[in-house]
Amino acid sequence: MRNSAILLGFLLLVSACSASQAAMNSGVSSKMVAADEQQDRLIVYNGYLEVVAENVEQKIALLTDLLENLDGYIQSTNNDALTIRINQIQFDTLIVRVTDLGEVRSKNIYTDDVTDQYRDLEIRLETLEKTRIRYLELLNKAEKVIEILEIEKELERINTQIESFKGQLQRLDSQVNYSTLTVQFVEKTKPGVI
């Protein structure tokens, strides 16, 4: 029992040291690459356009055809509103082409810089992967069942966190690489006979 308590204390100390070392390393490296980061920002682009047009169904068909040429797709539709995912490189081109389909009543383009969030997740992931390797080494050296169980429990927790961070990084990659544009079409009303 005393050995298990010592082993558990050692495991907690290893985790704390690795997190502290990663924080120190990230502080030094962030100062060294501050200038480079300005050029390598990770930006998520989103937008909303409300377009008044005649024959909305035809305009939606034209927009759908256009998306095939611009590396985009319709993520969802709701009545005459389309939520589009488009390669970030083509985002501005898509906006210009949509504005050609009718009269723009409303336009809202906004960005979100996720660089710091992304870098933080990368550092945390790297630290957890190193910690996982150390726990696997300890598992190979463990002799008592209680030690093995404690190490395996901690490995399970670490593996769960690793998968969570990888999933978050993939979502951010997707948001950065493919911008979102919602286009709301409104049927242009024709004046009636007076």
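The values are calculated or read from the model by the stated rules, or taken from the named source; none is laboratory data. Keep in mind that this is a model prediction, so the values were computed, not measured. Using ideal geometry, Cβ is built from the backbone for each residue, glycine included, and neighbour counts are taken over all protein chains shown. Ligands, DNA and RNA are excluded from the accessible area calculation, which covers all protein heavy atoms including side chains. Shrake-Rupley method; radii C 1.70, N 1.55, O 1.52, S 1.80 Å.
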Original post:
In percent, how large is the relative contact order of segment 94-169, given Cα pairs closer than 8 Å and 6 or more residues apart?
Top reply: 40 percent
Original post:
Over segment 42-194, how many percent of alpha carbon pairs lie in each 5 Å bin up to the one with the longest distance?
Top reply: 2, 8, 14, 13, 11, 8, 8, 7, 6, 6, 5, 4, 3, 2, 1, 0, 0, 0, 0
Original post:
GluC sites (Glu not before Pro) within segment 108-194: which are DSSP loop residues with at most 10 other Cβ atoms inside 10 Å?
Top reply: E143
Original post:
Using a 1.4 Å probe, what is the accessible area per residue for segment 111-194, in Å²?
Top reply: 67 Å²
Original post:
Within the accessible area of segment 42-194, what % is carbon and sulfur when the probe is 1.4 Å and the other protein chains stay in place?
Top reply: 47 percent
Subject >> trypsin sites (Lys or Arg not before Pro) restricted to segment 133-192 and DSSP loop, no more than 14 other C-beta within 10 Å >> reply: K144, K188
Subject >> Over 26 Å between alpha carbons, listed pairs K107/K166; K144/K166; K107/K188 >> reply: K107/K166; K144/K166
Subject >> Where chymotrypsin sites (Phe, Trp or Tyr not before Pro) fall in DSSP loop in segment 91-179, at most 15 other Cβ within 10 Å >> reply: none
